[in-house]
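What follows is one structure encoded as structure tokens, with my remarks underneath.
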Amino acid sequence: MSFVRTATSSFPTSDKLMTASFYIENFGCRATQADGAAIERQFQERGLARAETFAKSEIVVLNTCTVTASADRDARAAIRRIRRENPGCQIVVTGCYAQRAPEEVAALPGVTRVVGNSHKHQLAEIVAGSRRQDATAHGGFVPLSSLSLLNPAAEAQREVFVSDIFAHTELLAAPVFEAGSVAGHDRTRPNLKVQDGCDNRCSFCVIPSVRGRSRSLPLKRILHEVNALVDLGYREVVISGINLGRWGRDLDSRWRFENLVWAIVDRTNLEKLRISSVEPMDWSDELIGMMADSARIAKHAHVPLQSGSDRVLRAMHRKYRPWHYREKLEKIRAAMPMAAIGADVMVGFPGESDADFEETRRLIAELPLTYLHVFTYSARPGTPAATMREQVPVQIARERNRILRDLAAEKKLSFMRTFVGKMVEAITLNVFDGTSTEALTDNYLKLFLQGQHEANRWLKARVERVEAGALIGKIAEEVPLDL
């Protein structure tokens, strides 16, 4: 599908917009957050100022997720809230929900523009009105007047820019911030998206249809971005993607994710690289060994599981079996005894029996996992799983969710307690609650340090106790950690 509607009469001119303020609210995964940062850079490059809150902004961008029905509800609730509290602003909806259901989003009261992932790389340009789309020049877009969900009066006030995501090759990289130094920005651990899209076809997942094929940011561009961030003073960078472990394969069939990791360590001065979620199949022995051997790679592995039942994994069209997953995690733990190891787990997949769930619970209990992201299955339109029989009653799925969250809390607490009395490496964040400064350890644990400390410093701290889900400690060395 392709939709573009251009209706300019009810909007400010480009000159007026050039003095406007914008606010971006991100929903969902790290890749979406990275996209939001790139959109921020688009606006700043056009001279627009970032507002502190949506209530003070003339342009509010909602960068949405659609991985679950609740993600869609969150976006709709945000639109209602913004319209109520800032009725004069332009509400621009972008991201995965906008790409999946543009008609539905455009019909929501208060929405000014809908910009899908297909046009996200042009979002500020579209909003600023500096470039008007032409139906013939852009592949036969269908006017919104043909969409029955829109009433004629409201339709004239909306623009929709959405086209076939599989026809697009653009990739938004997280930005090199325009601020002169890290001290001038509220983020101390920038998120660099190096990959987008997914060629897998998990039966429950709508993401490939709204993100497109797997595509990678070229290595030269990645190294440029990392070096520029280092020059600005950033000391940790998180690399992320929709299917991060597939980075490079669309550029050169010989490349693997570990080639990228090695290049960043070898060809930049970045003090700490953190790797976000990587599928089990892509945790090669080389990648694990590289992480274990380098002090410049955070000891943190996120390895999606989804289910511990072989039958359910097959129905999900996942490309590994429970014993494969166990083998990977045991290798990670053997190589990095103090590493944080996390997983995504889904409960309530169609046909998941009590026995299937027990296999998942038992596997998690036995594995060296230190935290979980537990999701309740949500039927997504157009996915094979949405039409499967034996949909699990929501009450049962919620109870399974609770059981796994309780198990995860026990495992995390047990892991944190092993650090009491020990030294940890941590980077201070730009968060001070009036008493303590928040920091993040190399192995992904929240740490509170008494007093106020400068942000963006690697320090050594001694852990005194565990309290309210975090480590409490004192700085042992007042100088940055020598990496």
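FYI, it's all coordinate maths here, none of it is from the lab. Computed from a prediction, not measured in an experiment: that's the story for all the values here. Heads up, the Cβs are rebuilt from the backbone with ideal geometry, glycines too, and the neighbour counts pull from every protein chain shown.
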Checklist outcome for this item: In this structure, the FRET efficiency calculated for residue 454 and residue 220 from their beta-carbon separation, with R0 = 35 Å, to the nearest 0.05, is 0.60
Checklist outcome for this item: Between the modelled labels at residue 122 and residue 414 (7 Å from Cα along Cα→Cβ) the distance in nm is 5.4 nm
Checklist outcome for this item: Interchain or sequence-distant (5+) residues whose placed amide H lies within less than 5 Å of the amide H of residue 306 are 344, 345, 346
Checklist outcome for this item: Rounded to one decimal in nm, the spacing of the 7 Å Cα→Cβ label points at residue 422 and residue 293 is 2.4 nm
Checklist outcome for this item: Per the rule of 0.36 nm per residue minus the C-alpha distance, extending residue 338 to residue 55 adds in nm 97.5 nm
Item to check | Between the range 186-247 and the range 344-365, the alpha-carbon center distance in angstrom | outcome: 30 Å
Checklist entry - Which far-off residues, 5 or more places away or on another chain, put their amide H under 5 Å from the one on residue 297, with H placed in the peptide plane? => result 273
Checklist entry - Kirkwood hydrodynamic radius of the range 380-423 from all distinct Cα pairs, in Å? => result 13.6 Å
Item to check | Directionally averaged projected area (convex hull, Cα atoms, the range 283-424), nm² | outcome: 9.3 nm²
Checklist entry - Taking H as built 1.01 Å from N, whose amide H comes closer than 5 Å to the amide H of residue 95, not counting residues under 5 places away? => result 64, 117
Item to check | Largest-first principal axis extents of the Cα set of the range 381-483 (Å) | outcome: 60, 29, 29
Checklist entry - Restricting attention to the alpha-carbon atoms of the range 181-274, what are Rg (one decimal) and Dmax (integer), both in Å? => result 14.5, 44
Next on the checklist: Can you work out the Karplus-derived ³J(HN,Hα) for every residue in the range 218-223? Use 6.51 cos²θ - 1.76 cosθ + 1.60 with θ = phi - 60°, whole Hz, and x for glycine or proline.
Outcome noted: x, 4, 4, 5, 4, 5
Item to check | Distance between the range 267-318 and the range 84-122 - C-alpha centres, whole angstrom | outcome: 34 Å
Checklist entry - Plugging the Kirkwood radius over Cα pairs into Stokes-Einstein for the range 15-82, at a temperature of 4 °C and a viscosity of 1.567 mPa s, what D comes out in µm²/s? => result 103 µm²/s
Checklist entry - What net charge is computed for the residues neighbouring residue 240, neighbours being all others with C-beta under 11 Å from the C-beta of residue 240, Lys and Arg scored +1, Asp and Glu -1? => result +1
Checklist entry - How much length, in nm to one decimal, is gained on full extension between residue 373 and residue 265, taken as 0.36 nm per residue of separation minus their Cα-Cα distance? => result 36.0 nm
Checklist entry - Once you have the alpha carbon radius of gyration of the range 320-398, what is it after dividing by 2.2 N^0.38 Å, with N set to its residue count? => result 1.27
Checklist entry - Contour minus end-to-end for residue 390 and residue 430, with contour as 0.36 nm per residue of separation and end-to-end as the Cα-Cα distance? => result 9.6 nm
Checklist entry - Residue by residue through the range 425-442, which ³J(HN,Hα) values in whole Hz follow from phi under the Karplus form 6.51 cos²θ - 1.76 cosθ + 1.60 (θ = phi - 60°), with glycine and proline marked x? => result 9, 8, 10, 6, 9, 8, 9, 10, 9, x, 10, 10, 9, 7, 9, 10, 6, 3
Checklist outcome for this item: Out of 423, 449, 408 - ranked by how far each Cα lies towards the positive end of the dipole of the range 381-483, with unit charges on the beta-carbon of charged residues - the top one is 408
Checklist outcome for this item: Note on the range 218-267: the mean projected area of its alpha-carbon convex hull, in nm², is 3.5 nm²
Item to check | Efficiency of FRET between residue 200 and residue 358 - r from beta-carbon atoms, R0 35 angstrom, step 0.05 | outcome: 0.85
Checklist entry - If you take the square roots of the eigenvalues of the alpha-carbon gyration tensor of the range 20-124 and sort them as a ≥ b ≥ c, do you get rounded (a/c under 1.5), prolate (a/b over b/c) or oblate? => result oblate
Next on the checklist: Treating only the Cα positions of the range 297-366 as identical point scatterers, give the base-10 log of I(q)/I(0) from the Debye formula at each q in 0.17, 0.27 Å⁻¹.
Outcome noted: -0.61, -1.25
